[in-house]
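Reading through the structure tokens given below for one structure.
The values are calculated or read from the model by the stated rules, or taken from the named source; none is laboratory data. The model shown is predicted, which means the values in this text are computed figures rather than measured ones. Methodologically, a virtual Cβ is constructed for each residue, glycine included, from the backbone with ideal geometry; neighbour enumeration extends over all protein chains shown.
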Amino acid sequence: MGCYIKWSTQSVAFFCVIAISQPTNAQEWGDLKRWLPRQSNAVLAIDAQKMFDSKLAREHDWRQLHSQSFEQNPTLLPPSADRFALGVELDLEFLSPRNELAVISLHEPVDLEKLQQRIPGKPDSIGSQTIIEMDNGNFIVPYSDQLVLMVRMASRQWLARQLGFAEAPGGTAIAPILSESIDRVAIEEAQISLAIDLTGAVAESAVDSLIENSAVLSEIDDGKARLAKEISSAQGIVLLIQFDETMHGAIEMVFGEESKMLATVAKPFMLEFLDSVGASLPEFNEWTAETDGNRIQLSGPITIPSLHKILSLLQVDTRDLDLADRTEKQTGSKVPEALIAERATKRYAARINNMISAIQAGQNTDQFYRQLLWTDRTAKAITQMSTRNVDPKVLRLGNEIARNLFGIVSDFQQAAETANYRGAAETPPPFDWHTNMVPYYTFVTPYGRYYRYRPLSYAQINMHTSLVRRRAIEAEEFRRANESAKRLFSEIELKLEEMNYHMDRSIGR
């Protein structure tokens, strides 16, 4: 059977997957793009074929490892995947996805009959197109022999409309920055691209506060108005991963205005920004900064754990039913229920171990906030993993690990709110107005000297004092949150040890 039945989506998974026949060039990547929803503000594109053909992949035999257990592949794509594109409507405040649609090009045909047997759901149709409505409310559409569609967090009507849009002449049209990021995979500039469209998302009125609270931007004395204009023209963020002898990563921030002011502080600004959203990686400090017109970029070598973190923003888990299906192919007989449960449990435990290891790899126990985004995405990924046939104790420990990860995120969110409240209550206002009565006219009479007075007002500027105090309050609250995070992460490590011990004793490795 085609690899698609092995597909169990994670985090961003269970979206609409469409396999398109044998795309081999930029034009055929364009055919993939036509299926992505026009309201998408985030896309992910992966050229699995080119990635496995890279020197790094050949040296480490990734293709063979991937065919045996495709958890070894950081993209978590099924073994028969050639190319993949995903379009997501992303809530930018919480980075939570909705209305997800993905397209996957396969080099093995999809067995529709077997797909219907193995996926928990019921067959249906939209017009002449066969679909499978899954028990969890998501959809799979086997569009052709080598093209399958999956939908997550969207209605049947939304799917029907999307099919109509995609099949119309010209297909759909995603935002230019998203389209360009996929084109860069098509021309082999990278094998993985992830892009988020920020056009219109940054208000110029909010930028002044951002500049004031930034340790980097607040030091720029001249040209604050120009700086605010550049930042508010933000069009998006693009991440590129290239596989050759090593893995090379790049993060670009794209603006509508030429980034003249930001170019002077490109690296510290980007590092500070990534820290502020909890998206720091250990390699970033060693990466080099470049500017080119309206783009600023950080680039350098990247590791597998960091790649896992980046892909967790729009992550796909395609492992469900994979091992059971492969065993049937090898033995020609039905797999025993006990073996299915054992393998489901092993996959679940292995995935959690991999995710926690990725967090540990970049962990600075004094600065948990620097990877808060990755912590949040890991917690969500665990809660959205397939739990079918998983050992109850392992499942319970997995849920407890996710709860602790959410606790770390919650502690820092609460710390930020408390710092804001305290900052408003405990710091002086930016300006204090004072009024004194001063004499402006003197006249003498037989009865003495007299004066006429008028009020004189002046401002006492407290901006620097206020900013220093706010930063001290924030640091104090974050220290408290970090101590709580240390405790919670220690508990996670203990739960992981307990899970692995149980696996060794009861399940077997």
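For the reader, a short list of remarks on this structure follows.
- Residues of the range 154-175 satisfying the condition of being touching a residue at least 24 places away in the same chain (Cβ under 8 Å) and assigned to a helix (DSSP H, G or I): Arg156, Trp158, Leu159, Ala160, Gln162, Leu163, Phe165, Ala166
- Number of the exception - Gln129 against (1) in contact (Cβ under 8 Å) with a residue 24 or more places away in the chain; (2) under 24 Å from Val254 (Cα atoms): (2)
- Residue count for the range 225-259, restricted to those that are more than 16 Å from Ala203 (Cβ to Cβ) and out of contact with any Asp or Glu (no Cβ under 6 Å at 6 or more places or on another chain): 19
- Any hit, the range 219-226, residues being in contact with a Ser or Thr (Cβ under 9 Å, 6 or more places away or on another chain) and either assigned by TED's automatic domain parsing to the domain that holds Glu59 or under 25 Å from Ala45 (Cβ atoms) (or both): no
- Test: Thr378 is buried (at least 22 other Cβ atoms within 10 Å of the Cβ) and either outside any loop (DSSP other than H, G, I, E, B) or at pLDDT below 80 (or both): yes
- Per-region count, the range 416-435, residues at pLDDT below 80 and surrounded by 14 or more Cβ atoms within 10 Å (Cβ to Cβ): 2
- Of all residues in the range 192-206, those being outside any loop (DSSP other than H, G, I, E, B) and either among the hydroxyl-bearing types (Ser, Thr, Tyr) or surrounded by fewer than 20 Cβ atoms within 10 Å (Cβ to Cβ) (or both) number 4.
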